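The values are calculated or read from the model by the stated rules, or taken from the named source; none is laboratory data. All values reported here derive from a predicted model rather than from experimental measurement. Methodologically, a virtual Cβ is constructed for each residue, glycine included, from the backbone with ideal geometry; neighbour enumeration extends over all protein chains shown.
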Amino acid sequence: MLGEIGIIFATTKLIRESTMELKEDTTIVVLGASGDLAKKKTFPALFGLYRNKFLPKDIHIIGYARTKMDHEEYLRRVKQYIKTPTKDVEEQLEDFCKCCSYISGQYDQDEPFQNLNKHIEEFEQGRKAGNRIFYMALPPSVFIPVSQHLRKNCYPNNGIARVIIEKPFGKDLQSSRELQRALEPDWKEEEIFRIDHYLGKEMVKNLLILRFGNEFLGATWNRNHIDSVQITFKEPFGTEGRGGYFDEFGIIRDVMQNHLLQVLTLLAMERPISFSSEDIRDEKVRVLRGIPAIEPKNVIIGQYGKSLDGTKPAYKEDDTVPKDSRCPTFCAMVAYIRNERWDGVPFILKAGKALNEQKTEIRIQFKDVTSGIFKDIPRNELVIRIQPNESVYLKMNSKLPGLSMQTVVTELDLTYRRRFSDLKIPEAYESLVLDALKGDHSNFVRDDELDASWRIFTPILHYLDEKKEIVPMEYPYGSRGPAVLDDFTASFGYKFSDAAGYQWNTASNKAAL
Ligand code: BG6
């Protein structure tokens, strides 16, 4: 009996700690501090929070990496990607740098981690507690040894520990489980914050509000009214400089199994009982479990070749990419959800590098209006633009003003830059680091969620890896993707209404942006 009470007390303490906001007595350690991710994302986000006074008071930020460098060189790297448009910001950056220090060491030995521990302890002198956040901006190869050494040598004796980790979380279901098993003995799920930075994006965070805070959307959000859902990720540049990493992963692992699936999940999940992190994540897992593995017949893959004018290189021209690489840099695939709400509705995911534009958006196409009084009237579409230029617009039919009864496609348009012109949209990483400080797990990936997502993708990934005869279709750098793309989406019922001359981003709209 006593034992049971002990367990209850321990669990309650853990829940309290895991949701406790860290407002003071905190050190953040960035592991992999000399790498690209830390320089481009982590430090700018930390500085953004610092400037806006969201970091705990007396914060100290320690960079740790293998590269030997002195303090000056470290600060030069920290500042490299931080913009300082005004004198004020420049001064704030100088102040921020006073909270930063660096220590170099290997990732697989006790001694350097013991040094790191001593270094952290120096800043904890005189504090009531010593809370520690370990931000692992590390390549997958050193991920396990670092997490083990941190637990063994740097775990706080008198404070809360949190560890923020970055993808890739494995390459398939098996490797993801292995990684999870390696973490389990050392870190409790409550202490782990797995980042999918799409969950920190403003419009992605808006999805639950749009869906559940608007009765008219909630009422039509199902198979009776929605014909298809498309989630599109396009980048106008290739893998320049990252070919070595990318070739091992490909576009499906790089952005579809994580970022696009997260968006799908938020679009399709049922209403959570509350906005608490576990209620939200329970619903996410439930909908993921209703998605059968992607079938090969519902997938097309592509790889970019040279641009039509010959100025941009083909994927295989990257020196770090094998000349016979079959790695997909483009993919379109269809997922179905076997539940009452979504049965039969195709969720079309499209992602590609080296395409004609930069855009991530959701396109929800409603069913045809019943025929009778109208002939060929276009379908309604709700478009949610995640980036760039966050916006939500609903394409709808209206009477063309004038004496005739002609119809025209127009839109209800919520373009953020116009509607919220005086508000700043935070960077995804700022929002997520702040959530980790607050102990809010809502926008982080839970272990069972990760498992459920790999289960959907692993069979198709293995199929594509193993079937050597499947070669991605080549598309020119800077194009819309493989030529068959439009036929592919049309075969799942998508009607391309822009063909009727409609364009959302008209000249006047663009001028306002
Ligand atoms: C990363 C991928 O997770 O997301 C990159 O590894 C991709 O390949 C990036 O470019 C896209 O993120 P964002 O925020 O620029 O859309």
Quiz prompt | Cross-chain or 6+ apart pairs with Cβ under 7 Å, the stretch 244-272 first and of a type in the set (F, W, Y), then within 11 Å of the ligand (Cβ to nearest atom) | solution = F246/T239; F246/D254; F249/P168
Quiz item: Filtering the stretch 158-176 down to residues that are surrounded by fewer than 16 Cβ atoms within 10 Å (Cβ to Cβ) and modelled with pLDDT of 95 or more, which residue is nearest to the ligand (Cβ to nearest atom)?
Solution: S175
Quiz item: Which condition does L464 not pass, out of (1) hydrophobic (A, V, I, L, M, F, W, C); (2) within 20 Å of Q257 (Cα to Cα); (3) crowded, with 21+ Cβ neighbours inside 10 Å, if it passes all the others?
Solution: (3)
Quiz item: From the list D324, D343, D318, which one is farther than 30 Å from L210 by Cα, among the charged types (D, E, K, R), away from the ligand (no atom under 16 Å from the Cβ) and assigned by TED's automatic domain parsing to the domain that holds G250?
Solution: D324
Quiz item: Could you list, in sequence order, the residues of the stretch 225-249 that are within 16 Å of the ligand (Cβ to nearest atom) and not in a helix (DSSP H, G or I)?
Solution: I231, T232, F233, K234, E235, P236, F237, G238, T239, E240, G241, R242
Quiz item: Taking the condition touching a residue at least 40 places away in the same chain (Cβ under 8 Å) and within 16 Å of the ligand (Cβ to nearest atom), does I384 pass?
Solution: yes
Quiz prompt | Inter-residue pairs, beta-carbon under 7 Å, first over 12 Å from S147 (Cβ atoms) and in the stretch 176-190, second among the polar types (S, T, N, Q) and part of a helix (DSSP H, G or I), 6+ apart | solution = E190/S18
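Out of curiosity, is I425 on the phi < 0 side of the Ramachandran plot, assigned to a loop (DSSP other than H, G, I, E, B), touching a residue at least 24 places away in the same chain (Cβ under 8 Å) and away from the ligand (no atom under 16 Å from the Cβ)? Please lay out each step first, then the result.
On the way: on the phi < 0 side of the Ramachandran plot: yes; assigned to a loop (DSSP other than H, G, I, E, B): yes; touching a residue at least 24 places away in the same chain (Cβ under 8 Å): yes; away from the ligand (no atom under 16 Å from the Cβ): no.
Against the criterion (on the phi < 0 side of the Ramachandran plot, assigned to a loop (DSSP other than H, G, I, E, B), touching a residue at least 24 places away in the same chain (Cβ under 8 Å) and away from the ligand (no atom under 16 Å from the Cβ)), I425 does not qualify.
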